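The values are calculated or read from the model by the stated rules, or taken from the named source; none is laboratory data. Being a predicted model, the structure only gives us computed values, none of them experimental. Neighbour counts run over all protein chains shown; Cβ positions are idealised from the backbone, glycine included. Surface accessibility is based on the protein's heavy atoms, side chains included, excluding ligands, DNA and RNA. Shrake-Rupley method; radii C 1.70, N 1.55, O 1.52, S 1.80 Å.
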Amino acid sequence: MSNFRLAVEQLGEKPTQHRFEVGPGWWADRQPDTDRPTETVRSPFVFVLDAARVGGGILLEGRFEGEIEVECGRCTRRYPHALREGFRLMLEPATRDFEPVDPEGRQDLAEKGVWLGEDLEAGWFQGPLIRLDDYFGEIIALSMPLQPLCKEDCPGICPHCGVNRAETPCDCVDEQIESPFAVLARLKKS
Ligand SMILES: [Zn+2]
Ligand SMILES: [Zn+2]
């Protein structure tokens, strides 16, 4: 069990700042065994957020930062990749007669004190403690690069000689696909 908990009774109308830090082990434990992560967590994931009561609800607003080492999708070199994501979550109280549309919602509310909507911008809370593990996990997942690139114009691996062109340039010439305009220009000349 982690420490990512907000005590509802400690929150007031004036926003208070909360800082949560999570190490590589926490992230690794959340990954299914079948799906070994390719990334390595290089520095702790840090969440800094303001929490305040708004009407009957709770508003969480903040940002997430972290750094992973991941394999470049083009040259397969491992490189450090900074993660950054802002977030805003509005939680409404789940009253006694509140019925989540999803059967898991009832269980989440009872066990974790919180149930998240699908868009991760709204949710419901119940009881004295709000456990933010699942929410933080979703935010981290959102910030992960879909196609990691060591640099935007990474030249990748040469399809001819197999050299990693991000490290060593090679002399191979890529066959250019001739543009229709070039073909036209040549036809005109002849
Ligand atoms: Zn690369
Ligand atoms: Zn080459």
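Odds and ends about this structure:
- Residue within the stretch 119-137 that is part of a loop (DSSP other than H, G, I, E, B) and within 16 Å of ligand 1 (Cβ to nearest atom) present: no
- Residue in the stretch 87-97 that is open to solvent by 70 Å² or more (accessible area, probe 1.4 Å) and β-branched (Val, Ile, Thr) present: yes
A quick yes/no check of all residues on (1) of a type in the set (Asp, Glu); (2) at pLDDT 90 or above; (3) in contact with a Leu (Cβ under 9 Å, 6 or more places away or on another chain); (4) within 16 Å of ligand 1 (Cβ to nearest atom):
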{"residue": "Glu111", "(1), (2), (3), (4)": "yes, no, no, no"}
{"residue": "Ile140", "(1), (2), (3), (4)": "no, yes, yes, no"}
{"residue": "Glu152", "(1), (2), (3), (4)": "yes, yes, no, yes"}
{"residue": "Pro155", "(1), (2), (3), (4)": "no, yes, no, yes"}
{"residue": "Cys161", "(1), (2), (3), (4)": "no, yes, no, no"}
{"residue": "Asp174", "(1), (2), (3), (4)": "yes, no, no, no"}
{"residue": "Pro180", "(1), (2), (3), (4)": "no, no, no, no"}
{"residue": "Ser190", "(1), (2), (3), (4)": "no, no, no, no"}
